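Only one structure is covered here, and it is reproduced in the block below.
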Amino acid sequence: MGTAADQDRVFAAVAELFSVLSTPIRLKIISAVCHGEKNVTELLAEIDTTQPNMSQHLATLYRCGVLAKRREGVQMYYRLQSERVALLCRAVCSQVAMELDPASQVDASERLVPLGIR
């Protein structure tokens, strides 16, 4: 990774990204737009939240570069701007889902989720 200052910048950027992704509703939004753009009405039909709360989270994801948006009439449409973020979310969510499955045989040293969380 380079110098200690380079490492610090990388770790700070990763921590900021994880902070943006640390809210379940934002992960739901990313999942909802993985296969194409959706407007706010469509997102609200899939995700149980209020319109103001949805708008706040969409704005955060847009400002951070995770989502892109376009206006069509009075509707705002959102789509993934960063496919890498979607891949990261899919990988982590798939791993955690597997670990939370009682039949899962994931070795303790390979777990992302502590054994006590079920």
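The values are calculated or read from the model by the stated rules, or taken from the named source; none is laboratory data. Since this is a predicted model, take the numbers as computed values, not measurements. Please note: Cβ atoms are built from the backbone with ideal geometry, for glycine as well, and neighbour counts cover all protein chains shown. The protein model used for the area step is the full one, side chains on, heavy atoms only, and it has no ligands, DNA or RNA in it. Shrake-Rupley method; radii C 1.70, N 1.55, O 1.52, S 1.80 Å.
Quick notes on this structure:
- Area accessible to solvent at Leu17, 1.4 Å probe radius, in Å²: 50
- The chain, accessible surface, carbon-and-sulfur percent (1.4 angstrom probe): 57
- Length gained on full extension, Val40 to Phe18: 5.5 nm, using 0.36 nm per residue less the C-alpha separation.
- Fraction of the pair-distance distribution of the range 35-118 above 16 Å, Cα-Cα pairs, percent: 63
- Hz values of 3J(HN,Hα) by residue in the range 31-38 - Karplus curve (6.51, -1.76, 1.60), Gly and Pro given as x: 4, 5, 9, 4, 10, x, 6, 9
- Rounded tilt (10° steps) of 4-20 against the dominant C-alpha axis of the chain: 60
- Electrostatic tally near Val20: other residues with Cβ closer than 12 Å to its Cβ, Lys and Arg +1, Asp and Glu -1, net +1.
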